[in-house]
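One structure below.
Since every read-out is calculated from the coordinates, none of them should be taken as a lab result. None of these values were measured; they are calculated from a predicted model. Counting neighbours? That spans all protein chains shown, and the Cβs are built from the backbone with ideal geometry, glycine included.
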Amino acid sequence: MVITSIDHPFDDVTPAVWTRDLVRKFGKKNAVDGLDLSIRPGEFYGLLGQNGAGKTTTIRMIVGLLRPTSGSTGIGEFDTWKSPLEVKKRIGVLPEEFNLYERLTGAELLDFTAAMHDVPKKEAVARRDDLLAMLDLEADAGKLVGDYSRGMRKKVALAAAIIARPPVLFLDEPFEGVDAVSARLIRRLLSRYTELGATIVFSSHEMHLVEKLCTRIGIMSHGKLLVEDTPAGLCRRMGVETVEDAFIAAVGGEDEEKKSLPWFESSPA
């Protein structure tokens with residue numbers, strides 16, 4: 001698939017993605033607690049955190065899937081909750097738990113998504129075929145999505161997220177369940193996408209991919225942003241060599257590593 005350019009409405013001042021004092025409560029718990037983000041156009045931004053840190057909740061509020069308790073968020077000049085249609089025109093989303101139209105075939109799902117974004121029919125068919133070929137789904141294009149494996153569903157959901165060539169792309173665990181060959185192709189595609197001007201917000205537990213792909217990283221814990229820097233900057237701050245080590249240091253993971261199971265340390269029977 002050849003992508004020539006990304007059309008986006010952002011200038012050098014307007015953030016591509018932003019949150020201001022964003023809060024989401026579930027009962028008495030603050031899942032996201034006063035979060036301020038400002039992600040520039042063209043960034044490959046990694047949002048990291050332990051399970052329950054608030055990453056997925058944050059992404060869901062930004063893209064309009066979950067209403068904030070307070071605060072605001074948006075894409076470019078548009079507030080997600082005041083101008084939802086304008087925001088949805090400008091984003092592609094691969095959520096952690098994707099709900100797909102399981103009674104459509106893979107090809108039909110991409111055709112439907114392209115039509116929803118007003119991609120001209122001839123161009124939509126070309127993009128669909130390119131994506132199916134790149135992601136090794138050509139042979140399964142006529143099968144129902146409900147019969148796809150998890151890895152295949154992940155790939156077709158990614159194809160649906162990018163077929164309209166949105167200026168901002170949100171990816172929550174995009175490589176989970178994807179084979180190594182397809183994962184490499186996806187990495188190259190996403191890197192090229194940001195080179196052409198797109199903005200990607202990427203959440204993953206695979207630290208080697210975060211280190212390789214991201215231009216800037218934010219680490220969350222208990223709904224708050226602890227630290228934000230380039231991969232190399234994070235390592236310098238924490239005095240470590242890898243992003244994984246920087247992440248563990250930021251969230252206090254060294255204490256967790258000291259835990260042990262005395263009964264597990266003896267030789268197996």
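Tabulated results
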{"quantity": "Note, ³J(HN,Hα) from phi for the range 217-224, Karplus 6.51, -1.76, 1.60, rounded to Hz, x at Gly and Pro", "calculated": "9, x, 10, 9, 8, 6, x, 10"}
{"quantity": "Relative contact order computed over the range 101-165 (Cα-Cα under 8 Å; 6+ residues apart), in percent", "calculated": "52 percent"}
{"quantity": "Nitroxide proxy distance, nm - points 7 Å out along Cα→Cβ at LYS212 and LYS259", "calculated": "3.0 nm"}
{"quantity": "Residues listed by number, the range 10-51, amide nitrogen under 17 Å from TRP81 label point at 7 Å toward C-beta", "calculated": "18-37"}
{"quantity": "Cα centre as origin, Lys/Arg/Asp/Glu Cβ charges: the range 101-165 dipole, Debye", "calculated": "180 debye"}
{"quantity": "Dipole of the chain [Lys/Arg +1, Asp/Glu -1 at C-beta], most positive-end residue of SER191, SER204, SER72", "calculated": "SER72"}
{"quantity": "Over the range 101-165 - Rg/Rh using Cα atoms and the Kirkwood inverse-distance radius", "calculated": "0.93"}
{"quantity": "The range 97-200: chymotrypsin sites (Phe, Trp or Tyr not before Pro) in DSSP coil with no more than 10 other Cβ atoms inside 10 Å", "calculated": "none"}
{"quantity": "For VAL119, VAL181, VAL32, order by how many other beta-carbon atoms lie within 10 Å, fewest first", "calculated": "VAL181, VAL119, VAL32"}
{"quantity": "5 angstrom amide H check on SER221, placed H, neighbours 5+ away", "calculated": "LEU226"}
{"quantity": "Over the range 1-139: Rg over Rh, Cα atoms, Kirkwood Rh", "calculated": "1.01"}
{"quantity": "Given charges at beta-carbon only (K, R positive; D, E negative), |dipole| of the chain in Debye", "calculated": "640 debye"}
{"quantity": "Positive-pole candidate from THR215, ALA249, LEU225, dipole of the range 127-254, charges at beta carbon", "calculated": "THR215"}
{"quantity": "Förster radius 35 Å - calculated FRET efficiency between VAL13 and ASN99 (Cβ-Cβ, nearest 0.05)", "calculated": "0.45"}
{"quantity": "For the range 13-130: relative contact order, % (alpha-carbon pairs under 8 angstrom, 6 or more apart)", "calculated": "22 percent"}
{"quantity": "Once exposed loop trypsin sites (Lys or Arg not before Pro) are cut out (DSSP; at most 11 other Cβ, 10 Å), longest piece of the chain", "calculated": "104-257"}
{"quantity": "Helix-only mean residue ellipticity at 222 nm for the chain, each DSSP H run of n ≥ 4 adding -39500 (n - 2.57), per residue, nearest 500", "calculated": "-10500 deg cm²/dmol"}
{"quantity": "Note, ³J(HN,Hα) from phi for the range 190-196, Karplus 6.51, -1.76, 1.60, rounded to Hz, x at Gly and Pro", "calculated": "5, 4, 5, 4, 6, 4, 8"}
{"quantity": "Phi to ³J(HN,Hα) by Karplus 6.51 cos²θ - 1.76 cosθ + 1.60 over the range 179-185, Hz, x for Gly, Pro", "calculated": "5, 4, 5, 5, 4, 5, 4"}
{"quantity": "Estimated FRET transfer efficiency (LYS89, ALA232; beta-carbon r; R0 35 Å; 0.05)", "calculated": "0.50"}
{"quantity": "The chain, relative contact order in percent, only Cα pairs under 8 angstrom and at least six apart counted", "calculated": "25 percent"}
{"quantity": "For ILE75, residues with placed amide H under 5 Å, excluding near neighbours", "calculated": "THR80"}
